[in-house]
Structure formats: structure tokens, C-alpha cells
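These notes are about the structure you will find just below.
The values are calculated or read from the model by the stated rules, or taken from the named source; none is laboratory data. Model, not experiment: these values are computed from the prediction. Reconstructed Cβ throughout: ideal geometry from the backbone, glycine too, with neighbour counts over all protein chains shown.
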Amino acid sequence: MSHETLAISLFLLFVGLTLILTVRASRQTKDATDFYAGGRSFSAAQNGLAIGGDYMSAASFLGIAGIIALSGYDGFLYSIGFLVAWLVALLLVAELMRNSGKFTMADVLAFRMSPQPVRTAAGISTITVSIFYLLAQMVGAGALVALLFGLTGEAAKALTIVGVGILMIVYVVVGGMKGTTWVQIVKAVLLMGGAALITLLVLGKYGFNLSSLLSEAAQQSGKGDAFLEPGLKYGTEAQGLAGKLDLISLGLALVLGTAGLPHILIRFYTVPTARDARKSVLWGIGIIGVFYLLTLVLGFGAAALVGSKEIAESNAAGNTAAPLLAEKIGELIFGDVGGTILLAFIAAVAFATILAVVAGLTLASSSSVAHDLYAHVIRKGQATEKEEVRVAKISAFVIGAVSIVLGIFAQKLNVAFLVALAFAVAASGNLPAILYSLFWKKFNTAGAVSAIYGGLGSAVLLVVFSPVVSGKVGPDGKSLSLFPEGVDFHWFPLENPGLVSIPLGFLFGYLGTVLSKEYRADKYTEMEVRSLTGIGAEKATPH
Amino acid sequence: MSTSPEEITVYEEVRARPEFAELRRRFRSFVFPVTVAFLVWYLLYVVLSGWARGFMGQQVVGSINVALIFGLLQFVSTFGLAYWYARYAGSKLDPLAERLREEAGR
């Protein structure tokens with residue numbers, strides 16, 4: 001059996017299992033709390049796994065292993081930012097959010113504000129962040145099928161994107177939050193298992209001596225000791241000061257973005273109490289942290305055993321490093337059949353990874369359309385739960401269809417920057433609004449609206465005029481930007497807007513607040529007491 | 001999102017209690033300094049990765065260099081702080097919050 005057939009069979013097995021779980025979940029999904037928040041009845045451990053499944057995207061798995069395999073140490077910088085970010089969520093956001101919110105991020109932001117403008121802003125921001133993120137995953141899925149199965153035709157890629165899109169719509173529409181959570185749990189277990197297995201085999205190959213793995217990686221990379229040090233990819237000496245500031249900018253967006261990602265925030269609503277929200281983040285930190293340690297070995301292992309040159313020939317961004325490593329280590333230890341099986345397994349896991357993440361994103365954005373924009377802005381709070389859930393399902397269809405079309409359209413574009421941009425927008429617009437809401441007594445409607453639009457707008461505008469959109473040319477004279485060579489309208493020197501847009505988001509929020517006289521003392525008292533003690537917090541649905 | 005007048009009273013009543021002030025103080029006096037500390041510690045790491053490459057590249061044991069150890073220490077500090085907060089919240093915050101909930105009759 002070829003690895004293609006095996007990989008597709010394993011993947012279909014995953015799809016079959018998750019569809020069964022989704023149908024089961026749909027039978028237990030009766031009201032809006034079930035649909036949006038899984039009845040708030042998941043345990044901390046289950047939600048912790050689902051947090052891992054929601055967060056560890058293809059960018060984390062294939063992307064970081066690839067960056068490490070090609071550029072060495074710099075990929076590790078990404079992992080560290082992604083992990084440390086969870087402390088912001090743990091200490092400042094998760095518990096307070098669980099206690100004061102209901103279904104969406106906007107519930108917390110609109111708590112003591114005028115609901116319509118704040119929910120409109122939060123809804124727009126949620127949809128923007130989720131679509132950026134979705135698009136990156138969809139294009140990634142198309143590229144992956146080409147890389148793993150040698151299907152380079154446009155039709156095969158388009159078909160993959162349509163397939164992924166349809167599956168994510170089914171998970172969300174049929175299973176709601178319960179179905180989506182189970183998909184993420186299964187995926188997290190598979191991904192951790194797959195990564196741990198390959199890591200053990202690689203370390204075993206080097207007698208569990210990390211130092212000899214690293215020196216072999218440095219040698220095979222052709223870059224020597226520099227491969228084990230920062231500076232080959234981000235902030236290279238050739239890029240000068242702008243490159244180094246870009247490194248700081250990226251680091252800031254990664255560490256501050258996580259706690260502003262809507263699809264991550266709604267996970268805190270799926271457990272019975274704030275204490276469970278805290279515990280689920282602890283589980284999440286454990287799982288995500290271990291996973292990034294594993295990707296370190298995967299990346300350096302791929303450089304050592306496959307070689308950076310071969311990986312770069314397979315895919316310029318290194319996205320095939322982990323699958324190629326799986327094949328190589330399987331061959332080395334178990335022979336050709338072992339290589340085929342491991343490659344197929346990792347390929348199937350990669351698809352499962354993408355599916356779980358896109359389902360989470362679709363759920364977050366369609367929840368916001370239904371609960372924030374439809375129920376509270378259009379219907380002014382008069383919609384029934386049934387109507388809300390129906391609108392959420394329709395939105396999931398529309399958002400799914402839009403991302404399928406955009407994904408096919410963007411297939412040839414270089415959209416790798418979109419994940420970093422989603423983090424930058426979340427850190428610049430959502431995080432200031434969330435933190436001010438939870439901790440600043442005087443914060444008001446004008447402040448919330450200015451923080452979100454100001455942060456979102458400045459992050460997006462700066463990226464439009466940055467080298468990722470136009471004017472970046474590689475050594476071969478070909479464009480490395482979104483636009484082809486010859487088009488250059490960039491004036492902002494950094495590729496990551498965070499360094500400027502995050503402080504701007506906080507500044508806009510501050511100015512909006514002090515320039516408006518609105519202040520509701522009673523609602524602040526309610527929010528403060530509720531967020532810290534859980535008095536009046538939404539309860540789990542008894543089953 | 002509608003709040004009846006009597007609920008407002010409950011919240012105002014709770015907020016006036018000394019235990020609530022204590023809960024708020026304990027929470028903020030932990031999370032604010034710790035957040036500042038780990039952000040500074042993380043930014044130090046990023047800045048050194050950009051500007052102190054000679055130092056980061058120094059080999060310590062075999063091919064394991066300062067950069068790798070520094071990066072791994074970020075994992076250790078993240079795990080450690082998360083554990084410390086969980087312990088702190090379990091012993092210093094949860095009992096107070098629970099007492100306030102019980103007294104409020106919820």
C-alpha cells in the first residue's frame with residue numbers, strides 16, 4: 001500500500017470517528033448554552049485538551065518544525081512566544097471572563113457599556129481575526145495535499161479546500177460547541193501522540209543525547225553553529241535595525257495576541273466554574289508547552305536526518321519537514337514499510353490538526369454574528385434562543401462558504417503572514433478592550449469602541465503598507481510580498497505591526513475613555529464582584 | 001444582560017464587605033507584579049536574541065548554548081508561574097470567593 005492510500009484511510013478514520021462524536025453531541029445539544037458553550041459541562045482536563053487542539057494549528061506544527069529545520073534556532077522564538085502568552089490568559093483573563101461573560105468575547109466588553117456600538121465593534125473584530133486565521137489554514141490545507149500526495153494540480157488543491165470547508169461546516173452546524181470540542185480533543189491526543197512518538201524515535205537514534213542531535217543538525221544544515229543561535233531568519237544582521245525591531249514586534253504580538261483570540265476566549269465558557277477555567281488553562285499550558293518542546297526535537301531532527309537542503313527543495317517554507325522526518329526515521333528504524341506508515345500517520349494528523357482549528361474558528365465567528373450582531377444589534381436583544389442558534393448555523397454556512405472561496409482564490413498567494421497578523425490584531429484591538437473592561441473602573445463605551453477600531457485599524461493599515469504586502473524582493477529578483485514584483489507602495493519598514501499598533505490600541509482606548517463622560521458605577525460594581533467571586537455567573541446546564 | 005434592582009443590591013452589598021476588599025487585594029497584588037515580571041523576563045529574552053548574539057551563542061555543554069538554555073528557562077518559568085498561581089489561587093483566593101458566594105446566598 002502506498003503512503004497516499006494509507007494516509008487517506010487514516011484520515012477518513014479520523015473523520016468517521018469525529019463525525020460519530022459530532023452526531024452524538026448534536027443529540028445532547030438542546031439550547032443556546034449547549035450550542036455556544038457546550039452546556040458549560042466539560043471538565044477542566046477535557047477543555048485543556050480542547051484548548052491545545054484549538055491552539056496548535058498547522059502553523060504551530062508544520063510551520064515551526066519547518067522554520068527550525070531550515071533556519072534553526074529562530075523557530076524556537078515562535079514557540080516561546082506562543083507558550084508564554086498563556087500566562088496572560090491564565091492570570092488576567094480566563095477566570096474573570098468565565099465569570100462575567102456568557103457566549104462571546106463581546107459579552108464581557110459590552111457588560112457595562114452601551115451594547116450596540118460595542119457589540120458591533122467586537123463582532124467585526126472577531127470576524128476579521130477569525131477570517132485571517134481561517135484563510136491561512138485553508139491555504140495551508142491546499143498546499144499540504146499537494147506536498148504530501150504529489151497532487152500539484154489546481155483542481156486537487158481546490159477540492160481539498162472544499163472538502164475541509166464542508167467538514168468544518170458540518171462539525172459546527174451539527175455538533176455546535178460540543179461537537180467542535182470533541183474534534184479538538186481527538187486531534188490533540190493524536191497530535192501529541194504522533195509528535196511524541198517521532199521525538200522518541202529521533203532522540204533514541206542519538207542515544208538520548210540532545211547535544212549530539214544538535215551538532216548533527218548544525219552540520220547537516222550547512223550553516224554550522226549559527227544554526228543553533230538566533231539570527232538566521234528574524235532580525236538578520238543584513239536587515240539591520242528594522243529587522244531587529246521586527247523581531248521585538250513579532251514577539252509582542254505573539255505574547256499578547258493569544259488572550260485576545262476570540263476562538264480561544266470562548267473555550268473558557270465551556271466549563272462549569274471559573275476555577276475549572278483556570279484548571280483548563282493549566283492543562284492547556286502543560287500540553288502546549290510539551291508540544292513545543294517536541295517540535296524543537298522534530299525541527300532539529302529533520303535538519304539532522306533529512307537535511308535542510310532536501311527539505312527546502314520539497315517546500316521553500318519548510319512545511320514538509322515533520323512529515324519528511326517521520327518517513328526518514330521510520331525507514332531508518334523499521335525499514336521502508338515503517339517509513340510509509342509513519343509518513344501516512346503524520347500526514348493524517350496534519351489534516352486533523354487543520355480541521356480542528358478551522359472548526360473552532362468557524363464556531364467563534366458564527367457565534368459572534370448570531371449572538372452579537374444579530375441578537376443584540378439587529379434585533380436589539382429581542383431574538384429568542386432558537387432564532388439565535390438558527391442564525392448561528394446559517395452564519396457558519398456563509399462563513400464556511402466565504403472561506404472556501406477565498407481559500408481557493410488565495411491559493412497562489414503568499415499568505416503565511418496572516419497568522420501573525422491575526423495575533424497582531426488580537427493584541428492591538430481585542431486585548432486592550434478586554435483588559436480595560438476587566439480592570440479599569442472608568443472604561444466606557446467610547447473607550448471600548450476606540451480601542452477595538454483603533455487597534456484593529458492600525459494593525460491592518462500598517463500591514464497593508466508593510467513589506468509583506470508589497471516591495472519585498474528576494475535575491476533572485478522575485479517578489480516575496482503578496483503583490484508581484486514591480487508593485488511597491490510600502491512605507492512602513494516592519495513586517496509585524498505589533499510594536500506600533502499594540503501601544504496605539506491601548507492609547508486609543510485610553511483617549512476614548514477620558515474624552516467621554518459616560519460612566520456607570522453600578523455596572524462596574526456588578527462586574528467587579530461577579531468577575532472575582534462568580535456571584536451571578538452563568539451556570540452549567542444540568543444533564 | 002438585564003439586571004433587576006435587587007441584584008444590584010446584592011453586588012453592592014458584597015462589594016462593601018471587608019472580605020471582598022481582601023479578595024480583590026490578594027488577586028491584584030499577585031497577578032499584576034507577576035505579569036510585569038514575566039513580560040520583562042520574556043522581552044529580555046527577545047532583546048538578547050536580537051542584540052546579544054555573541055552571548056547567546058556561547059556554548060555551555062557540548063553544542064548546547066546559552067540561547068537554548070535561555071529558551072528552555074522560559075518554559076520552566078512559564079510552568080513554574082502557572083503552578084505557583086494555581087497553588088496561590090487555591091489557598092488564598094478560592095476560599096474567600098466561596099465564602100462571599102455563600103454569604104450572598106448564591
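Tabulated values for the structure
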item	result
Where a residue in segment B:59-75 is in contact (Cβ under 8 Å) with a residue 24 or more places away in the chain and its partner, wherever it lies, is surrounded by 16 or more Cβ atoms within 10 Å (Cβ to Cβ) and of a type in the set (Ser, Thr, Tyr), with Cβ under 7 Å and at least six apart	B:70/B:45; B:74/B:42; B:74/B:45
Residue selected from segment A:201-259 under the condition at negative phi and of a type in the set (Phe, Trp, Tyr), by the criterion nearest to the other protein chains (Cβ to nearest Cβ)	A:234
Failed condition for residue A:198, given (1) more than 9 Å from chain B (Cβ to nearest Cβ); (2) closer than 30 Å to residue A:335 by Cβ; (3) surrounded by fewer than 24 Cβ atoms within 10 Å (Cβ to Cβ)	(3)
Selection status of residue A:54, of a type in the set (D, E, K, R), buried (at least 20 other Cβ atoms within 10 Å of the Cβ) and either away from every other protein chain (no Cβ under 14 Å) or outside any helix (DSSP H, G or I) (or both)	yes
Hits in segment A:487-509 (condition: in contact (Cβ under 8 Å) with a residue 40 or more places away in the chain and over 24 Å from residue A:415 (Cβ atoms))	A:504, A:506, A:507, A:508, A:509
1 or more residues in contact (Cβ under 8 Å) with a residue 40 or more places away in the chain and within 25 Å of residue A:312 (Cβ to Cβ): qualifying helices (runs of 4 or more DSSP H) within segment A:207-284	A:210-221, A:240-257
Criterion (under 23 Å from residue A:123 (Cα atoms) and either modelled with pLDDT under 90 or surrounded by fewer than 24 Cβ atoms within 10 Å (Cβ to Cβ) (or both)) met by exactly one of A:381, A:335	A:381
Segment B:59-70 - residue that is touching a Leu at 6+ places or on another chain (Cβ under 8 Å) and facing chain A (nearest Cβ under 8 Å) and, of those, surrounded by the fewest Cβ atoms within 10 Å (Cβ to Cβ)	B:62
Residue tally, condition over 24 Å from residue A:130 (Cα atoms) and not acidic (Asp, Glu), over segment A:30-65	5
Helices (runs of 4 or more DSSP H) completely within chain B that count 1 or more residues being among the acidic types (Asp, Glu) and farther than 30 Å from residue A:292 by Cα	B:5-16, B:18-51, B:94-103
Check on residue B:83, surrounded by 14 or more Cβ atoms within 10 Å (Cβ to Cβ) and either more than 10 Å from chain A (Cβ to nearest Cβ) or modelled with pLDDT of 95 or more (or both)	no
